[in-house]
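Beneath this line is the structure, given in C-alpha coordinates, with notes to follow.
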Amino acid sequence: MKAHSRICENNPSNEANKRKRKTSSSSPLVPKFDQEKLKYLLVKMFIALELPFSKVEHPDFQEFISNLNPKFILISRTTLARDTLLLWDVEKAKLKIFLAQHWQRVSLTADTWTSIQNLCYMCVTVHFIDNNWTLQNRVLSFCQVTGHTGEVMANTIDNCLTEWGLNNIMTVTLDNASSNDLGIKHLKKKLLSCNSL
(Lines give C-alpha, C1' and ligand atoms only; values in the text may rest on other atoms or scores of the structure.)
Protein backbone atom coordinates (compact mmCIF):
# COMPACT_ATOMS: atom_id res chain seq x y z
CA MET A 1 0.00 0.00 0.00
CA LYS A 2 2.86 2.39 0.87
CA ALA A 3 4.56 1.69 -2.47
CA HIS A 4 1.31 2.31 -4.34
CA SER A 5 0.53 5.58 -2.52
CA ARG A 6 3.96 6.98 -3.49
CA ILE A 7 3.34 6.45 -7.22
CA CYS A 8 -0.46 6.86 -7.41
CA GLU A 9 -1.39 9.81 -9.66
CA ASN A 10 -4.56 10.51 -7.65
CA ASN A 11 -2.72 10.85 -4.33
CA PRO A 12 -2.33 14.58 -3.59
CA SER A 13 0.54 13.83 -1.18
CA ASN A 14 2.87 12.05 -3.61
CA GLU A 15 6.02 13.91 -4.64
CA ALA A 16 5.08 14.39 -8.32
CA ASN A 17 1.77 16.06 -7.42
CA LYS A 18 3.48 18.31 -4.86
CA ARG A 19 5.96 19.48 -7.51
CA LYS A 20 3.12 20.14 -9.99
CA ARG A 21 1.24 22.27 -7.41
CA LYS A 22 4.38 24.16 -6.49
CA THR A 23 5.19 24.92 -10.14
CA SER A 24 1.65 26.03 -10.98
CA SER A 25 1.28 28.20 -7.86
CA SER A 26 4.67 29.91 -8.24
CA SER A 27 3.99 31.15 -11.78
CA PRO A 28 0.56 32.78 -12.02
CA LEU A 29 -0.97 33.08 -15.46
CA VAL A 30 -0.27 36.47 -17.00
CA PRO A 31 -3.15 37.59 -19.22
CA LYS A 32 -2.26 38.17 -22.85
CA PHE A 33 -2.11 41.86 -23.84
CA ASP A 34 -4.99 42.77 -26.17
CA GLN A 35 -5.10 46.42 -27.33
CA GLU A 36 -8.56 46.07 -28.93
CA LYS A 37 -10.17 44.48 -25.88
CA LEU A 38 -8.70 47.13 -23.59
CA LYS A 39 -9.92 49.87 -25.94
CA TYR A 40 -13.41 48.29 -25.92
CA LEU A 41 -13.39 48.19 -22.09
CA LEU A 42 -12.26 51.82 -21.95
CA VAL A 43 -15.15 52.90 -24.20
CA LYS A 44 -17.59 50.82 -22.14
CA MET A 45 -16.29 52.41 -18.91
CA PHE A 46 -16.72 55.96 -20.26
CA ILE A 47 -20.30 55.15 -21.27
CA ALA A 48 -21.22 53.42 -17.99
CA LEU A 49 -19.75 56.18 -15.83
CA GLU A 50 -21.09 58.93 -18.13
CA LEU A 51 -17.65 60.54 -18.27
CA PRO A 52 -16.92 63.41 -20.68
CA PHE A 53 -14.74 62.26 -23.57
CA SER A 54 -12.21 64.98 -22.72
CA LYS A 55 -11.25 63.09 -19.53
CA VAL A 56 -9.38 60.53 -21.64
CA GLU A 57 -6.80 63.25 -22.38
CA HIS A 58 -6.42 64.38 -18.76
CA PRO A 59 -2.73 64.12 -17.71
CA ASP A 60 -3.51 62.21 -14.48
CA PHE A 61 -5.64 59.67 -16.33
CA GLN A 62 -2.91 59.24 -18.95
CA GLU A 63 -0.29 58.74 -16.23
CA PHE A 64 -2.47 56.15 -14.49
CA ILE A 65 -3.00 54.17 -17.71
CA SER A 66 0.68 54.28 -18.70
CA ASN A 67 1.68 52.95 -15.27
CA LEU A 68 -1.06 50.34 -15.32
CA ASN A 69 0.07 48.97 -18.67
CA PRO A 70 2.76 50.79 -20.67
CA LYS A 71 1.92 48.75 -23.81
CA PHE A 72 -1.59 50.23 -24.02
CA ILE A 73 -1.85 53.05 -26.56
CA LEU A 74 -4.35 55.51 -25.13
CA ILE A 75 -6.90 56.85 -27.61
CA SER A 76 -7.90 60.48 -28.17
CA ARG A 77 -11.29 61.98 -27.35
CA THR A 78 -12.18 61.95 -31.07
CA THR A 79 -11.41 58.24 -31.35
CA LEU A 80 -13.33 57.60 -28.12
CA ALA A 81 -16.40 59.38 -29.53
CA ARG A 82 -16.15 57.44 -32.81
CA ASP A 83 -15.71 54.11 -30.99
CA THR A 84 -18.74 54.91 -28.80
CA LEU A 85 -20.90 55.20 -31.93
CA LEU A 86 -19.41 51.97 -33.32
CA LEU A 87 -20.20 50.20 -30.03
CA TRP A 88 -23.76 51.54 -30.25
CA ASP A 89 -24.15 49.98 -33.72
CA VAL A 90 -22.88 46.61 -32.43
CA GLU A 91 -25.14 46.68 -29.36
CA LYS A 92 -28.13 47.77 -31.46
CA ALA A 93 -27.67 44.77 -33.77
CA LYS A 94 -27.49 42.46 -30.73
CA LEU A 95 -30.63 44.01 -29.27
CA LYS A 96 -32.53 43.59 -32.56
CA ILE A 97 -31.71 39.87 -32.50
CA PHE A 98 -32.71 39.64 -28.83
CA LEU A 99 -36.02 41.40 -29.49
CA ALA A 100 -36.78 39.16 -32.46
CA GLN A 101 -36.24 36.06 -30.32
CA HIS A 102 -38.00 37.18 -27.13
CA TRP A 103 -41.01 39.40 -27.64
CA GLN A 104 -44.61 38.66 -28.43
CA ARG A 105 -46.31 41.93 -27.52
CA VAL A 106 -44.63 45.09 -26.35
CA SER A 107 -45.64 48.13 -24.38
CA LEU A 108 -44.05 51.51 -24.93
CA THR A 109 -43.42 54.51 -22.74
CA ALA A 110 -42.35 57.83 -24.19
CA ASP A 111 -41.47 61.20 -22.73
CA THR A 112 -40.66 64.52 -24.35
CA TRP A 113 -38.99 67.51 -22.69
CA THR A 114 -37.11 70.70 -23.46
CA SER A 115 -33.51 71.16 -22.35
CA ILE A 116 -32.02 74.28 -20.81
CA GLN A 117 -30.69 75.12 -24.31
CA ASN A 118 -34.32 75.14 -25.53
CA LEU A 119 -33.90 71.91 -27.55
CA CYS A 120 -36.67 69.27 -27.54
CA TYR A 121 -35.84 65.62 -26.87
CA MET A 122 -37.84 62.41 -26.82
CA CYS A 123 -37.06 59.06 -25.23
CA VAL A 124 -38.92 55.87 -26.24
CA THR A 125 -38.63 52.77 -24.06
CA VAL A 126 -39.97 49.29 -24.85
CA HIS A 127 -41.23 46.93 -22.13
CA PHE A 128 -41.94 43.23 -22.67
CA ILE A 129 -41.88 39.78 -21.07
CA ASP A 130 -39.15 37.56 -22.51
CA ASN A 131 -39.36 33.80 -23.13
CA ASN A 132 -38.25 33.14 -19.52
CA TRP A 133 -41.10 35.29 -18.17
CA THR A 134 -38.75 38.04 -17.07
CA LEU A 135 -39.78 41.67 -17.44
CA GLN A 136 -37.41 43.47 -19.80
CA ASN A 137 -37.12 47.13 -20.75
CA ARG A 138 -34.79 48.81 -23.21
CA VAL A 139 -34.37 52.37 -24.44
CA LEU A 140 -35.00 52.25 -28.19
CA SER A 141 -34.65 55.90 -29.05
CA PHE A 142 -33.28 59.03 -27.43
CA CYS A 143 -33.44 61.73 -30.04
CA GLN A 144 -33.88 65.41 -30.66
CA VAL A 145 -37.33 66.32 -32.03
CA THR A 146 -38.73 69.49 -33.59
CA GLY A 147 -41.36 70.11 -30.93
CA HIS A 148 -43.97 68.80 -28.51
CA THR A 149 -46.88 68.52 -30.93
CA GLY A 150 -48.94 65.35 -31.14
CA GLU A 151 -47.98 64.82 -34.76
CA VAL A 152 -44.24 65.00 -33.99
CA MET A 153 -44.72 62.54 -31.12
CA ALA A 154 -46.69 60.10 -33.30
CA ASN A 155 -44.18 60.28 -36.17
CA THR A 156 -41.20 59.81 -33.85
CA ILE A 157 -42.71 56.72 -32.22
CA ASP A 158 -43.81 55.32 -35.59
CA ASN A 159 -40.30 55.81 -37.05
CA CYS A 160 -38.80 54.14 -33.98
CA LEU A 161 -41.11 51.12 -34.33
CA THR A 162 -40.28 50.82 -38.04
CA GLU A 163 -36.53 51.08 -37.39
CA TRP A 164 -36.67 48.31 -34.75
CA GLY A 165 -39.13 46.12 -36.66
CA LEU A 166 -41.69 46.10 -33.84
CA ASN A 167 -45.23 45.45 -35.02
CA ASN A 168 -47.24 44.06 -32.12
CA ILE A 169 -47.95 46.98 -29.80
CA MET A 170 -50.13 46.41 -26.74
CA THR A 171 -49.98 49.79 -24.96
CA VAL A 172 -48.37 53.22 -25.22
CA THR A 173 -47.99 55.23 -22.02
CA LEU A 174 -47.35 58.99 -22.09
CA ASP A 175 -47.67 61.85 -19.62
CA ASN A 176 -50.84 63.92 -19.44
CA ALA A 177 -49.82 66.72 -21.84
CA SER A 178 -52.81 67.71 -23.96
CA SER A 179 -50.81 67.34 -27.20
CA ASN A 180 -50.36 63.63 -26.41
CA ASP A 181 -54.10 63.02 -26.87
CA LEU A 182 -53.84 64.15 -30.49
CA GLY A 183 -50.57 62.22 -30.90
CA ILE A 184 -52.17 59.00 -29.67
CA LYS A 185 -55.02 59.42 -32.18
CA HIS A 186 -52.47 59.78 -35.03
CA LEU A 187 -50.40 56.86 -33.77
CA LYS A 188 -53.43 54.61 -33.25
CA LYS A 189 -54.56 55.31 -36.83
CA LYS A 190 -51.11 54.42 -38.21
CA LEU A 191 -50.82 51.24 -36.12
CA LEU A 192 -54.33 50.07 -37.02
CA SER A 193 -53.67 50.67 -40.73
CA CYS A 194 -50.76 48.23 -40.68
CA ASN A 195 -52.39 45.81 -38.20
CA SER A 196 -49.77 46.48 -35.52
CA LEU A 197 -52.05 47.32 -32.59
Note to self: For the range 113-128, check the following and say yes or no: at least one residue is out of contact with any Cys (no Cβ under 8 Å at 6 or more places or on another chain), β-branched (Val, Ile, Thr) and in contact (Cβ under 8 Å) with a residue 12 or more places away in the chain.
What the structure shows: yes
Check: Restricting attention to the range 150-197, which residues are loosely packed, with under 13 Cβ neighbours inside 10 Å, at pLDDT below 85 and hydrophobic (A, V, I, L, M, F, W, C)?
Finding: 192, 194
Item checked: Pairs with Cβ under 6 Å, 6+ apart, first in the range 30-59 and within 15 Å of residue 73 (Cα to Cα), second assigned to a helix (DSSP H, G or I) -> 43/83; 43/84; 43/87; 56/77; 56/80; 57/77
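Filter the range 99-120 down to the residues that are assigned to a strand (DSSP E or B) and among the hydrophobic types (A, V, I, L, M, F, W, C), then identify the one that is surrounded by the most Cβ atoms within 10 Å (Cβ to Cβ).
First, the residues of the range 99-120 that are assigned to a strand (DSSP E or B): 106-114, 120.
Still in the list and also among the hydrophobic types (A, V, I, L, M, F, W, C): 106, 108, 110, 113, 120.
On the way: 106: 23, 108: 21, 110: 21, 113: 11, 120: 16.
Result: 106.
Out of 80, 41, 74, which single residue is at pLDDT 75 or above and surrounded by fewer than 14 Cβ atoms within 10 Å (Cβ to Cβ)?
On the way: 80 fails: surrounded by fewer than 14 Cβ atoms within 10 Å (Cβ to Cβ); 74 fails: surrounded by fewer than 14 Cβ atoms within 10 Å (Cβ to Cβ).
Unique residue meeting the criteria: 41.
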Item checked: Failed criterion for residue 64 (all others in (1) free of Cβ contacts under 8 Å to residues at least 24 places away in the same chain; (2) farther than 30 Å from residue 171 by Cβ; (3) surrounded by 12 or more Cβ atoms within 10 Å (Cβ to Cβ) hold) -> (3)
Checklist line | Failed item in (1) in contact with a helix residue (DSSP H, G or I) (Cβ under 7 Å, 6 or more places away or on another chain); (2) not in a helix (DSSP H, G or I), with residue 51 passing the rest | finding: (1)
Check: Just for the range 160-176: of the residues that are farther than 15 Å from residue 193 by Cα and without any contact (Cβ under 8 Å) to a residue 40 or more places away in the chain, which one is farthest from the chain's Cα centre (by Cα)?
Finding: 176
Note to self: As an exercise: evaluate residue 188 against (1) under 28 Å from residue 43 (Cβ atoms); (2) assigned to a helix (DSSP H, G or I); (3) among the charged types (D, E, K, R) and give the number of the one condition it does not meet.
What the structure shows: (1)
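Here is a yes/no grid of residues against (1) assigned by TED's automatic domain parsing to the domain that holds residue 140; (2) under 16 Å from the mean Cα position of the chain (by Cα); (3) within 30 Å of residue 166 (Cα to Cα); (4) not in a helix (DSSP H, G or I):
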{"position": "44", "(1), (2), (3), (4)": "no, yes, yes, no"}
{"position": "47", "(1), (2), (3), (4)": "no, yes, yes, no"}
{"position": "55", "(1), (2), (3), (4)": "no, no, no, no"}
{"position": "63", "(1), (2), (3), (4)": "no, no, no, no"}
{"position": "71", "(1), (2), (3), (4)": "no, no, no, yes"}
{"position": "74", "(1), (2), (3), (4)": "no, no, no, yes"}
{"position": "78", "(1), (2), (3), (4)": "no, no, no, no"}
{"position": "83", "(1), (2), (3), (4)": "no, yes, yes, no"}
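The values are calculated or read from the model by the stated rules, or taken from the named source; none is laboratory data. Every value quoted in this text rests on a predicted model; they were computed, and no experiment measured them. Please note: Cβ atoms are built from the backbone with ideal geometry, for glycine as well, and neighbour counts cover all protein chains shown.
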